[in-house]
Each structure stands twice: as structure tokens, then as C-alpha cells.
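Throughout, read-outs are computed from the coordinates displayed, never taken from laboratory work. Worth saying up front: this structure is predicted, and the values here are computed from it rather than measured. Cβ placement follows ideal geometry from the backbone for every residue including glycine, while neighbour counts extend to all protein chains displayed.
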Amino acid sequence: MANVVRGPSMHDVAARAGVSHQTVSRVLNGFAGIRPGTRDRVLAAIADLGYRRNVAARSLATGRSQAVGVLIPNTPDFGPTSSFYAVERALRDAGLQALSTTTSNDAESVDEALDFLFGRSIEALVLMAPTRAVLDVADARASDVPVAYLLTGGERAPWSVSVDQGQGVRLAIDHLVAHGHTRIQHITGPADATEAQLRKNAFVAETMRLGLSRLPMIEGDWSAQSGFDAGSHVDPSATAVFCGNDQMALGLIHALGLRGVGVPRQLSVIGFDDIPEAAHMMPPLTTIRQDFRRVGALAVDVLVAALAGEDLPDTTPLPAELIVRESVAGPGA
């Protein structure tokens, strides 16, 4: 019987490049923090060795499923959807298989989704938990597999991966204040959404720190329709509106246009997320960008390190970025 020749492994690539197994994983995941010289050495080693991941062969040899469960909300919101694509790509590049399912926020739905995933011998779990209800059920179903948390802000550190929501809000408010705005109204996300609450809390803290006027908040649900509906509740004295996401900003600008309120001539509007459509709104939307690709890749880095018995990577919340376009001007510009 002929001997089976083993193909090159990730550890072989690491040895050839003179780096750690975790560094090879980060290069494969497209992690932005790798030095160019290190990335070049790893890519050269991959090319020299002809390295390719073979999930099926590894599963047979080790008796492990190589499957990572991904629990995602059953809504088409930009943030979770973008994070899922990034997670799926990073898992594939790391030689792991994404086994995904969706859930609503009620306990029964979350429990059924976790039953589905744990019943298929997943080795790790990416839990996108936009609400406290999802976290509560997951806590009650404590498992031996490592779990990376998304959409929870910094909660569950060092296992949670996120963009710094408070820093993003500060960038937005400071930008408005720099244009002379002191009467800023906030359209929030849904009350049960963790990141909406983080943004709301940061908005309150920032307005208090700067001594700005306190205007009534308007609750939305992340949808453009809720932003449109909020248009009829904007305080007449407000000179700017900070929207909890870009979809609500889109709906708000539509409603304001129908009322003859010009943006930004009469009212400035700023969003959050930087969806692809933000650059093509009328006017193009000033917003806060979240790097969902980096979030997803870092979540997989956490799990790869945990499965390999290595130290977890730094999960300090990633920085947000102010994207300046044309929806903000001075009051009464």
C-alpha cells in the first residue's frame, strides 16, 4: 500500500516564514495590523510550499468537525450582514467551515438555533447578539466551546469584538459642534438593541460634557421607515440630528425633503455605519464608518487562537472613523 504524502500545513508555512501559527492565520484572514514585510514572507511561504487547506482530510484525520457555528439575527441590517460575510470569509481562509443559522430575539428562537448548532458538533461559536435576550439565552446554554461575541460592544471582553461605539458618537457630536451646532437631537435605534443603547448613552454623556441643550430623543428601529416617521417629530429648535444608523438618516432626509426642509441648509444630519448607499444620498451623508470586515476577521482570530491553545489576540474595540460628506453645515447656512 502506497504511503500517503501529507501536504504542507499552516505550521509548515509558519516555520518557513519564521512567524507564529497565529500570524499565518491573520495574514490569511486579511488582518490589517500585519507588517508588510511579515505579510510578504508568509505569502511567499504559502506560494513556495503550495499550501492549501483541506477541511475534509483534516476532519477524517483528527475526528474533529472543523465547523464553527455562526448565529446571526434574522434581519437584513447592514452591520450583522457585513459582519457575517467577513466571518464566513475568514473562517474559510483559516480552513474552517461556517455553519450558520438565523434567529429572532425571542428566547425560544435562540434556544432552537443553538440546539441546531450544538447538535452538529461545532468546535466554536460566533454569536451575534444584538440584544440582551440573546445573551441571556446563550449564558443559560453555557458550552465547552469557545465563543466570540459580536454586536455587544465591549461586553464579554476579551471574547467580544467590536468597534468603539462611544468613540464613534464622540466623533459625530464633535463634528457637529465644530460647525456651531448646540441643539442636536438624537434618533436612537430600538430600545432593546445593545449597540443602540451604547450610542444613546454616549450621546447623553457627550451632550452633558459639552453643555449642549437637551432635546427629546426619538426612538427608531434601525429601518429607513422609522427615520421617515421620525421626521414629523424633529424638534423645531433643533439645528442638527444625529441618527443611530444610516438607514434612519436616509428616511429622515426623505421626510424632511417632502416638508421642504433643506439638508444641510436648514438642518444638518449625520449617520452611523457608512453603508454603501450613504455616499449616494441627496445630499451625500456624513457618517461614522465601522470596519465590519476587521471585526469579523478579528472574531475568527479569537477562535483560531482559542482552538490552538494560544493567547487570545488584542480585542480592544477597534476605532471608528468620521466620513465627511455634504449633509452637515453650520446652523442656518
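Neighbour counts of C-beta atoms inside 10 Å place D111, D144 in the sequence D144, D111, starting with the fewest. With each pseudo-label sitting 7 Å past Cα toward Cβ, what's the Q167-R92 distance in nm, one decimal? Here the modelled spin labels are 3.0 nm apart.
Sorting 246-257, 151-162 by their mean Cβ neighbour count within 10 Å, with the most densely packed peptide first, gives 246-257, 151-162.
Going by the alpha-carbon gyration tensor, a ≥ b ≥ c the square roots of its eigenvalues, is region 165-290 rounded (a/c under 1.5) or, if a/c is not under 1.5, prolate (a/b greater than b/c) versus oblate?
Rounded, since a/c falls under 1.5.
Charges were assigned to the Cβ only: +1 to each Lys and Arg, -1 to each Asp and Glu. The resulting dipole of the chain about its Cα centre is roughly 980 debye. Based on DSSP, what percent of beta bridges with both residues in the chain are antiparallel, to the nearest 5? Once the DSSP bridges in the chain are tallied, antiparallel ones form about 10 percent.
For the pair R183 and F118, the difference between a 0.36 nm per residue extended length and the Cα-Cα distance amounts to 18.4 nm. What share of Cα pairs, in percent, lie more than 38 angstrom apart in the chain? Tail fraction, whole percent: 26. Charge tally around V328: other residues with Cβ under 13 Å, Lys/Arg +1 each, Asp/Glu -1 each, net 0.
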